[in-house]
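Asker: Before I ask anything, here is the structure I am working with.
The values are calculated or read from the model by the stated rules, or taken from the named source; none is laboratory data. Because the structure is predicted, anything quoted here is derived from the model rather than measured. When we count neighbours, we look across all protein chains shown, and the Cβ atoms used for this are built from the backbone with ideal geometry, even at glycine.
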Amino acid sequence: MLEVTAMQQIFYTPVPPEEYARLGKDFPFPQPTSCPNPGCLVKVPPQKYGFYQRNAIGANFCGRILIRRYYCKYCRTTISYLPSFCLPYFQYSVEIIFIALWYTLALHHSFPECLKLLKESFEHLHWGAGHLHGLDGLKPGYRSDRGKSRRVTDEIALKIQEKIQANPRLRASLLYDELVADGVFTPDKLSLATFYRYLAQHPHLAAGKEPGAPEKEVKRFAHQWVNELWQTDVMYGPYLKVGRVKKQTFLIAFIDDASRLITHGQFCWEQNFNAVRAVFKEAVLKRGIPKMHGFTKPVHPDPVRAVCHPQQVGP
């Protein structure tokens, strides 16, 4: 049984191949209401992403047909909708494949007998031993440009190689973002999945690394030295009884990005600027001043100045 991936979906087609080909873009294609990718399944209709052509050989038709494509911007996946008379990677229609298998497996015809029956059933098709190769012609073939990227042109490939040589330890997702920011390509022309596939097919692009350099990726918010970046976050703490009422507490903590050391953390009654400033002050007194600081919410454009000169910034 063929396994149809989320990249290719088969929909019921009530018309024969010749009518489908005649209608072309006017055919009433299905409109998906959500992404069929098992890793996404977001409840947002994928956007239309044009058509592509493929060969189709049926009982009364032999030619090229249009395949509707959709694009999910959340998982960056293209989805092709194949008519029900087609199978992925097969040119011959389901009808012809079924008849050929029936002659061979159910009726136990030899190859010459099967070929003779096919010629009698489908006179407009050119059947021959050299064409079928023992019914291997009904097996899926490969594209003539297999192994070559149709999206990555020579110019884009050169830009990718230059960027990798300039930043050999840059992570693939960050490399993709930088190339998009530089205007080398756009996400609708070259998806992240295609970019990953291209890098996997060209491992020699990583040959520009320094010899003996450690295999360490430069990830988002992953700095090499202590006190280059501090991050902070707030977590809801337990309720404590104050008098006759219970009051919510909040755990505010700072962590060094390189060493993962918690520079300071404490429970506070509020999650406001004054509370963050008090915790940050204790962290600075213990571990020094960081070069950069990442807050989940903007509390002040210069928190170091707010700690050293609180009278100038107000509460």
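Asker: Restricting to segment 5-24, and then to whatever is of a type outside the set (Ser, Thr, Tyr) and assigned to a helix (DSSP H, G or I), can you tell me which residue is surrounded by the fewest Cβ atoms within 10 Å (Cβ to Cβ)?
Answerer: 24
Asker: Follow-up question, since we're still on this one. So which of 8, 31 ends up being touching a residue at least 12 places away in the same chain (Cβ under 8 Å) and more than 29 Å from residue 122 (Cα to Cα)?
Answerer: Just one listed residue meets the conditions, 31.
Asker: Continuing with the same structure: Here are some conditions: (1) surrounded by fewer than 20 Cβ atoms within 10 Å (Cβ to Cβ); (2) part of a strand (DSSP E or B); (3) in contact with a Lys or Arg (Cβ under 9 Å, 6 or more places away or on another chain). Residue 109 meets all but one. Which one does it not meet?
Answerer: (2)
Asker: Mind listing just one residue for me: the one in segment 1-44 that is among the hydroxyl-bearing types (Ser, Thr, Tyr) and either modelled with pLDDT under 90 or under 27 Å from the mean Cα position of the chain (by Cα) (or both) and, of those, nearest to residue 65 (Cα to Cα)?
Answerer: Filtering first and then ranking leaves 5.
Asker: Filter segment 251-264 down to the residues that are touching a strand residue (DSSP E or B) at 6+ places or on another chain (Cβ under 9 Å) and surrounded by fewer than 17 Cβ atoms within 10 Å (Cβ to Cβ), then identify the one that is farthest from residue 234 (Cα to Cα).
Answerer: Result: 258.
Asker: Please go through segment 17-26 and give me each residue that is more than 19 Å from residue 89 (Cβ to Cβ) and either touching a residue at least 24 places away in the same chain (Cβ under 8 Å) or in contact with a strand residue (DSSP E or B) (Cβ under 6 Å, 6 or more places away or on another chain) (or both), ordered by number.
Answerer: Across segment 17-26, the qualifying residues are 18, 21, 24, 25.
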